[in-house]
Protein chains: 2
Amino acid sequence: MAQLDNVIHQPVRLQIMSLLVTLDEGEQVNFTYLRKLLKLTDGNLGAHLSKLENAGYAKMEKTFVARKPRTYISVTGRGRDAFEEHVAALREITEGSGRVTDVET
Amino acid sequence: MAQLDNVIHQPVRLQIMSLLVTLDEGEQVNFTYLRKLLKLTDGNLGAHLSKLENAGYAKMEKTFVARKPRTYISVTGRGRDAFEEHVAALREITEGSGRVTDVET
């Protein structure tokens, strides 16, 4: 059976990664913008991003804009690869690579 | 955002449902056969099937064959619908229905 990535499979992280991979290389997204888009709390988004960062799939960059702290998020090459593999595994599982050959009626 | 079904999203149950929906109407699969196919223990498969049964997605039927207890599993119409909706939601999320429009470089 195809191997699912437990870090990515969790519903909120699946949504985060699905959005991050749409960024072009070198692009980042603002934490607050992402939080509103996903309708999450600061704490919830932060916790999921930390898991993605610990897995090497996303990067958080803290900076100051007009003296206010801002966090920008990007996806790593490894994150893109892992996401692609995860989606391929999902497709393999759900589109019937596995078959029940021994059935009873 | 598309709505994922938490009962189905769990990796083992996603695999179970993916197999069950390949059954034709009126077909059942033997518990032991399914357990071997998924490389699970009796207890693990039983627990996941109970969750699917409680959600109305699968049915377990216990019977005796040559005096030995046998369990057969089938999928309900509601289970097929829920699986189809879940796969559609997965596709919507992972294939970029959501877009990050506010990016920074």
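Checked against the criterion of being of a type in the set (A, V, I, L, M), within 19 Å of B:R91 (Cβ to Cβ) and part of a loop (DSSP other than H, G, I, E, B), the candidates A:A88, A:A2 yield just one match: A:A2.
Got at least one residue in the stretch B:12-25 being of a type in the set (K, R), within 12 Å of chain A (Cβ to nearest Cβ) and crowded, with 16+ Cβ neighbours inside 10 Å?
yes
Picking from residues in the stretch A:60-79 that are under 24 Å from the mean Cα position of the chain (by Cα) and among the small types (G, A, S), the one that is nearest to the other protein chains (Cβ to nearest Cβ) is A:S74.
Taking the condition buried (at least 21 other Cβ atoms within 10 Å of the Cβ), facing chain B (nearest Cβ under 8 Å) and at pLDDT 95 or above, does A:L45 pass? When the stated conditions are applied, A:L45 does not pass them.
Kindly establish whether A:A82 is crowded, with 16+ Cβ neighbours inside 10 Å, more than 10 Å from chain B (Cβ to nearest Cβ) and among the small types (G, A, S). Yes, satisfied. If the condition is being closer than 18 Å to B:T76 by Cβ and of a type in the set (S, T, N, Q), then the stretch B:31-62 contributes B:S50, B:N54.
Would you check which residues across the stretch A:32-74 are touching an Asp or Glu at 6+ places or on another chain (Cβ under 8 Å) and under 15 Å from A:Q15 (Cβ atoms) and list them?
Result: A:Y33, A:R35, A:I73.
The values are calculated or read from the model by the stated rules, or taken from the named source; none is laboratory data. The shown structure was predicted, so the numbers you read here are calculated from the model rather than taken from an experiment. Backbone-built Cβ (ideal geometry, glycine too); neighbour counts: all protein chains shown.
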